[in-house]
Amino acid sequence: MKEVIVIGAGPAGMLAAGTAAERGARVVLLEKMEKPGRKLAITGKGRCNITNLKNWEDFSPHVHPVNRYFKPAFYNFTSEDTVAFFNNIGLPTVLERGTRVYPASQRAFDVIDALKSWLERLGVRIICGCQVLEFLREETKASASASHETNNEIRQQRIKAVRVRSSQGEEKLLTADHFILATGGKTYPGTGSTGDGYALASALGHTIEPLFPTLTALMPVDYDRRLERVELRNVRLDLYIEDVLRRSEEGELLFSNLGIEGPIGFRVSRQAVVALNKGQRVSLHLNLKPALTREQLMLRWERENSLAGSGSGSGSETYLVKRLRAYMPEALTGPFVKYVTVSGLHPVDAMTRWVFPIASYGDWARAVVTAGGISMKEVDMRTMRSKLIENLSFAGEVLDLDADSGGYNLQIAFATGRLAGGKTSD
Ligand SMILES: Cc1cc2nc3c(=O)[nH]c(=O)nc-3n(C[C@H](O)[C@H](O)[C@H](O)COP(=O)(O)OP(=O)(O)OC[C@H]3O[C@@H](n4cnc5c(N)ncnc54)[C@H](O)[C@@H]3O)c2cc1C
């Protein structure tokens, strides 16, 4: 019986382990934390947006940096397959906003429990509190090609064992026929995803594409702390890089202690972080009233102005704050008036184009996803197997694949895990 070791009990590792067991392998799943799926437990604010039911044409633009590397895994295990899979293992699901899938119970913990029970039924041995420290390699010799009359030998690299450390500090070697690395990225390190996989793969000769946090908050220059905790709906955010409009997003925005985030903040964050890392100028332009044209807004403003009359105090800040309450949440009015005063803009112009130059972005501790990772050029995308090491495969966020928010990242984890687990034999 083939023996498989899967490293990392996140969504990718769990799918890989169960799938390999379904194909008849004896599987051990190693997890360094005390429980599997710690990050999965906090997904979707504890509700877990399992997947997104868009078809490939609509799904693929949300996958970065090169979506075609994910295509075979997606077609091998589509978003519909993900839903059918969870329903089959006893997790009912619901659809939200057209294409987003959540557990019917709205509890991420139920997703973890369903996966754990599935693995148990398949006889997968989960060892928690077990950190993989190192791969031990051996070189094997294989003849170049049986059909060619040559004595040339290709030296192939194989892994013979992993060195692991238990939470009690004991170290030992574990052997297997095949290994699957699914250690995730390096955001929210408290969940166990501390980027170990990059060092493990790099030590084997794999290229790690530059890592950076994505789906993260963008911190404005001289951030007005009074904005913290203000949530806005139906607003537009335009991303400018070197004064060129690069992306427009409409929806919900949140000002947090880390800056501008929330769904539309996250959607522009990947491009913004890339630009900031290149030293480019980045700014976000906030339109508080995208449903109205500037002219419509000006008409409304002037009409209200004449109704209010131009009595004493009409030019004062207090008067302005009072008037602004009809246009924005009260908590926003103080910082907005400051912006109007400093910029010298008419309030209507400031409302449609409140400019936030961006200084920096939220780091690993609070970013949702890691961009960059094990180069897909060195991974056979039809099998998820390493092109450098004979008996090694990869799955999940450790790979150079990431996506926008909306269930896409978990679909990447599930689908690459499914593919990797199903292709441990030649
Ligand atoms: C706050 C938050 C909310 C999110 N919400 C969503 C959402 O709703 N929908 C969505 O699609 N995506 C969401 N994501 C992204 C999604 O959680 C990840 O993309 C996904 O978990 C990646 O799965 P993975 O299995 O590759 O890695 P992980 O989930 O990171 O799992 C990797 C596992 O490997 C273990 N490990 C690491 N190193 C070692 C080692 N050396 N030895 C043994 N074990 C090791 C870790 O402890 C961890 O358990 C969210 C992320 C965050 C942070």
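The values are calculated or read from the model by the stated rules, or taken from the named source; none is laboratory data. Computed from a prediction, not measured in an experiment: that's the story for all the values here. Cβ atoms come from the backbone with ideal geometry, glycine included; neighbour counts cover every protein chain shown.
Mind listing just one residue for me: the one in segment 152-206 that is in a strand (DSSP E or B) and either crowded, with 22+ Cβ neighbours inside 10 Å or outside the structural domain of K45 (by TED's automatic domain parsing) (or both) and, of those, farthest from the ligand (Cβ to nearest atom)?
This residue is H178.
Within segment 131-140, can one find any residue that is assigned to a loop (DSSP other than H, G, I, E, B), among the basic types (K, R) and touching a residue at least 40 places away in the same chain (Cβ under 8 Å)? Steps first, please.
To start, the set of residues in segment 131-140 that are assigned to a loop (DSSP other than H, G, I, E, B) comprises none.
Among the residues of segment 131-140, not one is assigned to a loop (DSSP other than H, G, I, E, B), among the basic types (K, R) and touching a residue at least 40 places away in the same chain (Cβ under 8 Å), which makes the answer no.
For segment 222-232, enumerate the residues that are among the hydrophobic types (A, V, I, L, M, F, W, C) and either in a strand (DSSP E or B) or assigned by TED's automatic domain parsing to the domain that holds H64 (or both).
Listed by number, the list holds a single entry, L232.
Tell me the residue from K54, K32, K39 that is within 7 Å of the ligand (Cβ to nearest atom) and in a loop (DSSP other than H, G, I, E, B), please.
Working: K54 fails: within 7 Å of the ligand (Cβ to nearest atom); K39 fails: in a loop (DSSP other than H, G, I, E, B).
Step by step, each of K54, K32, K39 is checked, and only K32 is within 7 Å of the ligand (Cβ to nearest atom) and in a loop (DSSP other than H, G, I, E, B).
For segment 357-399, which residues satisfy the criterion of being of a type in the set (K, R) and surrounded by fewer than 19 Cβ atoms within 10 Å (Cβ to Cβ)? Steps first, answer last, please.
Of the residues in segment 357-399, the ones of a type in the set (K, R) are 366, 377, 382, 385, 387.
Hits for segment 357-399 are R366, K377, R382, K387.
Within segment 381-415, take every residue that is within 8 Å of the ligand (Cβ to nearest atom) and among the hydroxyl-bearing types (S, T, Y) and give me the one that is modelled with the lowest pLDDT.
Among those residues, the one meeting the criterion is S405.
Take G44 and decide whether it is closer than 19 Å to D113 by Cβ, at pLDDT 95 or above and away from the ligand (no atom under 11 Å from the Cβ).
So G44 fails the test.
Residue check, D363 against (1) in contact with a Ser or Thr (Cβ under 7 Å, 6 or more places away or on another chain); (2) more than 30 Å from F179 (Cβ to Cβ); (3) within 16 Å of the ligand (Cβ to nearest atom), all met but one. Which one?
So D363 meets the others, but not (1).
Considering only helices (runs of 4 or more DSSP H) fully contained in segment 237-345, which possess at least 1 residues that are under 23 Å from V63 (Cα atoms)?
262-277
If we scan segment 64-72, do we find a residue that is assigned by TED's automatic domain parsing to the domain that holds A108 and farther than 29 Å from S425 by Cβ?
First, the residues of segment 64-72 that are assigned by TED's automatic domain parsing to the domain that holds A108: 64-72.
Among the residues that remain, those that are also farther than 29 Å from S425 by Cβ are: 64-65.
Yes: one or more hits.
Could you give me the residue pairs with C-beta distances under 8 Å whose first residue belongs to segment 22-33 and is in contact (Cβ under 8 Å) with a residue 12 or more places away in the chain, whose second residue is charged (D, E, K, R) and within 16 Å of the ligand (Cβ to nearest atom) wherever it lies, and which are 6+ apart or on separate chains?
From segment 22-33, the pairs are V27/R125; V28/R125; L29/R125; K32/D196.
Among the residues of segment 7-24, count how many are more than 27 Å from L215 (Cα to Cα) and either surrounded by 24 or more Cβ atoms within 10 Å (Cβ to Cβ) or near the ligand (Cβ under 9 Å from one of its atoms) (or both).
Final tally of qualifying residues: 4.
Sort out which residues of segment 49-107 are small (G, A, S) and surrounded by fewer than 20 Cβ atoms within 10 Å (Cβ to Cβ), and write them in order of number.
Passing the criteria: S60, A84, G90, G98, A104, S105.
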